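Trainee: My structure is below; once you've seen it, I'll send some questions.
Every number here is computed from the coordinates shown, using simple stated rules; none is lab data. Keep in mind the model is a prediction, meaning the values are calculated, not measured. All Cβ positions, glycine included, derive from the backbone under ideal geometry; neighbour counts span all protein chains shown.
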Amino acid sequence: MAITVAVSNQKGGVGKTTTALHLAVATALAGRRVLLIDLDSQANATTALGVAEAGVDTPGSYLALLNNDDVRPAWARPTGIANLSVLASSLDMAGIELELADQTDRLRRLRPVIIAMSDAFDWIFLDCPPSLGILSVNALVASDTVLIPVPPEQFALDGMARLTSTITRLNDAGQTRITAPSILITMAQSWSPEKMRRATEIRQVHGDAVLVAEIPHSNAIDQASGERQPVFMSRPNADASDAYLRAAAQLILRHETKGQASTGAVEELVEQMRDSLQPAPATAAGRKQTTEQTGDQRPKRGRRRRRSNGDGPKIYRSRRRLRQAAGTAVLICAALLMMIMLLGAL
Ligand SMILES: Nc1ncnc2c1ncn2[C@@H]1O[C@H](COP(=O)(O)OP(=O)(O)OP(=O)(O)O)[C@@H](O)[C@H]1O
Ligand SMILES: [Mg+2]
């Protein structure tokens, strides 16, 4: 039976799709058979994996919810990533809440879809839309657990509070069987004291439910989404890449071993995921390509880029940069000294 995770937060733009996508890819890199079900009419998770939106000939999550008795694992479409398939969404999904409104089982339409897929996959991730409407409740009812991405900002925290109280109500009513909800801090900004304070508060209030890894606010993520590929593929060394691998490893171990994951076990699984990523080519041409691929971490020769790699204001990432900065400081001091001497001579 697959372990099903709803990635949900009522607040929009908190990183649900980015998180569902990267956790699904990382879990596939760990050798698990993974299905990502896109429940959002924006279909961002679908297209981010290079898969076309669902249609009449290519069934997806919309038809699956309408005709849940017909669903077969073949409806899941393979992606360019080994072990990872997607049940594609489409714009049609925007009208589904109205279409299901009269159905008595409208909150339990997704459960049979998960059951139909369950033997073909080890993990199923659900990318939920930004609301607590019929689709999100369907996702909660069909899931074993929920993962709540939350940036350290007030409105996102409010969204999380509403979601957790909805889960409590559904659990109490026997509608859901959500255990061990996880919280993932996303878009963290280590240079903002206010955001750091909120992130600390989230950890104090929610304890072990909060995954250890924190996803930084990252240009690498932004650029990767523009290129329609997961950040692991284009920028494997970015801090955000590392954080998503660690978050996925902890989540996998939390549910597969039914306990808190030890640091050693997380490291081991992250290594396994990294090994599954394409090895860096060893040729000169390959090195050139690798440098281009990790662009935001390795400044090109001759270009002065006093900016972070997108994962925080870490200006002096390498000793080379530090030496450059020291050299510049010495030159400035020498110029100042000469000016003072000139002024003195005048
Ligand atoms: N860690 C991050 N750093 C920088 N940008 C990010 C990060 N995570 C997500 N983003 C960007 O923020 C935007 C919103 O992210 P995403 O679509 O994942 O959020 P969402 O919660 O799924 O949104 P919606 O509620 O509309 O479905 C996207 O442009 C995405 O590329
Ligand atoms: Mg989304």
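Trainee: Give me the percent relative contact order of the chain, please, defined on Cα pairs under 8 angstrom at least 6 residues apart. Intermediate results must be reported in sequence, preceding the final value.
Mentor: On the way: 599 pairs, mean separation 67.0, N = 346.
The value is 19 percent.
Trainee: Each residue of segment 139-153 in order: what ³J(HN,Hα) in whole Hz does its phi give by Karplus 6.51 cos²θ - 1.76 cosθ + 1.60, θ = phi - 60°, with x for Gly and Pro?
Mentor: For segment 139-153, the Karplus-derived couplings read 5, 5, 5, 8, 9, 8, 8, 10, 10, 10, x, 9, x, x, 9 Hz, x marking Gly and Pro.
Trainee: Tell me, how many Å apart are the Cα centres for segment 129-164 and for segment 8-78?
Mentor: Cα centroid to Cα centroid, the span is 17 Å.
Trainee: What are the semi-axes of the equivalent ellipsoid of the chain, taken as the square roots of 5 times the eigenvalues of the Cα gyration tensor, listed largest first and rounded to whole Å? Write down the numbers at each step before the final one.
Mentor: Values: eigenvalues 371, 104, 68 Å².
Those come to 43, 23, 18 Å.
Trainee: Among bridges DSSP assigns within segment 3-276, what percent are antiparallel (round to 5)? Show your work: numbers first, answer last.
Mentor: Working: 2 of 25 bridges.
If we restrict to bridges inside segment 3-276, about 10 percent are antiparallel.
Trainee: Just rank Cys128, Cys333, fewest to most, by other beta-carbon atoms within 10 angstrom.
Mentor: Working: Cys128 28, Cys333 10.
The order, fewest Cβ neighbours first, is Cys333, Cys128.
Trainee: Okay, moving on. Would you please put 214-223, 112-121 in order of how densely packed they are, using the mean number of other Cβ atoms within 10 angstrom per residue and starting with the highest?
Mentor: Values: 214-223: 21.9, 112-121: 18.5.
Answer by packing, highest mean first, reads 214-223, 112-121.
Trainee: So, one more: Note the angle between two axes, namely the Cα long axis of helix 154-172 and the longest principal axis of the Cα atoms of the chain, as a number of degrees from 0 to 90, rounded to the nearest 10.
Mentor: The answer is roughly 30 degrees.
Trainee: With angles folded into 0 to 90 degrees, how steeply does helix 193-206 sit against the dominant principal axis of the chain? Use alpha carbons for both and round to 10.
Mentor: Its long axis makes an angle of about 40 degrees.
Trainee: Only helical DSSP H runs with n ≥ 4 go in: add -39500 (n - 2.57) per run for the chain, normalise by residue count and round the 222 nm mean residue ellipticity to 500 deg cm²/dmol.
Mentor: Numbers: 14 runs with 161 residues, N = 346.
Estimated from H runs of four or more residues: -14500 deg cm²/dmol.
Trainee: Among Gly31, Gly264, Gly159, which one moves the most in a GNM of the chain with springs linking Cα atoms closer than 10 Å?
Mentor: Maximum fluctuation in the GNM of the chain, among the listed residues, is at Gly264.
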